[in-house]
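Notes to accompany the following structure.
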Amino acid sequence: MRTDNADEIYMRRCFELAGKGLGLTHTNPIVGCVIVHKGRVIGEGYHHEFGGPHAEVNAIRSVKDQSVLPEATLYANLEPCAHHGKTPPCSLLIHQKGIRRVVVSNIDPFPSVSGRGIEYLGAHGVQVATGCLEKEGYHVNRRFFVYHTEKRPYVVLKWAQTGDGFIDLEREPGAPIGTNWITDEVCRTLVHKWRSEEAGVMVGTHTILTDNPKLNVRKWTGDQPVRITMDRNGRIFDGSHILDGSQETIIFTGEGGRYSGKTRRIAMDSSYDLGDMLEELAGQKIISILVEGGATLIESFLHTGLWDEARVFTGKLAFGAGVHAPAMEAPPDETYYFNDIRLDYFMNKKGHVD
């Protein structure tokens, strides 16, 4: 069944609603749902949290006059589920409520769901239209799609560079230089918002040794990400913030070091590469990660192609010398400005929906 311009308007509202759940649904997708009766929105909902009611359930519950549902159209950016998980199947509820038309943006890639919700609805007389703003729908749930189709977390790279192209000064671990801020408070607050939207935040051992970052969400409201780093040779010192036990931490290590109770130690040997790490993180239910550097770690992601988007701040500050920032081959897909600071977004389109 085909869709029209009105369907696209309501689907875009589904995308907006879905975004409210970003960072809160863990391995579940973010989904918004809109119910329309005779050109009027009568119900809305979204998936608030992992294990909680799905978007379709919340939208149906919000409808004051349930008797009109058989004459209404239900819009959802992802296929309604047809299996019993932590909640009953949404497709069953849609059928029970007598809704006769459903419009969907994307088919769910999760094997227990994929196509089955559509099949169930169709078998019970519900008209189902799929592919409404499919490209935009993929972008909304890009973390979920990459996690299930590529069996790894969705990878977001982030760094700040000076106007003359340096990411940091040259320094040794323990050198009393401190953090070299390139961005301002507004940009740093934005980074904390980004942390709240991803399942994990990753840095390299060198960043732990030189900056001792907390890697938490302090300047924004949201869940704390799982902190991730490598400690192949057991160099991380006991006073590191990453070992303070304040939030979950995953450390890939070749040593039998003793870490805090909230730290998951994952053994790695000399043959362990970036792909192995991402596969392991997927197994640990980490659907997405924000990689905050330093340069060596970011370059390894760029070199292997195991990244999905990059967010690069460029300030007017000049270092004159130091650690060169990673170079992007293609121009940015989007650019924004914060006072004197430029923010470029890059998307790795290889293997993804254009």
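The values are calculated or read from the model by the stated rules, or taken from the named source; none is laboratory data. Everything quoted here is computed from the prediction, not taken from an experiment. In this analysis, Cβ positions are derived from the backbone assuming ideal geometry, glycine residues included, and neighbour counts consider all displayed protein chains. Note: accessible area is taken over every heavy atom of the protein model, side chains too, but ligands, DNA and RNA are not part of it. Shrake-Rupley method; radii C 1.70, N 1.55, O 1.52, S 1.80 Å.
Within segment 64-81, the set of residues being touching a Cys at 6+ places or on another chain (Cβ under 8 Å) and over 13 Å from GLU44 (Cβ atoms) comprises PRO80, CYS81.
Which ones in segment 1-58 are among the β-branched types (Val, Ile, Thr) and in a loop (DSSP other than H, G, I, E, B)? Within segment 1-58, THR3, THR25, THR27, ILE30, VAL31 qualify. One residue stands out in segment 67-87 among those that are modelled with pLDDT of 95 or more, touching a helix residue (DSSP H, G or I) at 6+ places or on another chain (Cβ under 8 Å) and not in a strand (DSSP E or B): the one that is surrounded by the fewest Cβ atoms within 10 Å (Cβ to Cβ), namely LEU69.
If the condition is being in contact with a helix residue (DSSP H, G or I) (Cβ under 7 Å, 6 or more places away or on another chain) and outside any strand (DSSP E or B), then segment 304-324 contributes THR304, LEU306, TRP307, ASP308.
When THR249, THR210 are screened for being of a type in the set (Ser, Thr, Tyr) and in contact with a Pro (Cβ under 7 Å, 6 or more places away or on another chain), only THR210 passes.
Confirm whether ILE298 is among the β-branched types (Val, Ile, Thr), crowded, with 18+ Cβ neighbours inside 10 Å and assigned to a strand (DSSP E or B). When the stated conditions are applied, ILE298 does not pass them. Scanning segment 190-247 for residues that are open to solvent by less than 20 Å² (accessible area, probe 1.4 Å) and of a type in the set (Asp, Glu) returns GLU198, ASP231. The numbered conditions (1) assigned to a loop (DSSP other than H, G, I, E, B); (2) touching a residue at least 60 places away in the same chain (Cβ under 8 Å); (3) open to solvent by less than 70 Å² (accessible area, probe 1.4 Å); (4) out of contact with any helix residue (DSSP H, G or I) (no Cβ under 9 Å at 6 or more places or on another chain) are all true for ALA330 except (2).
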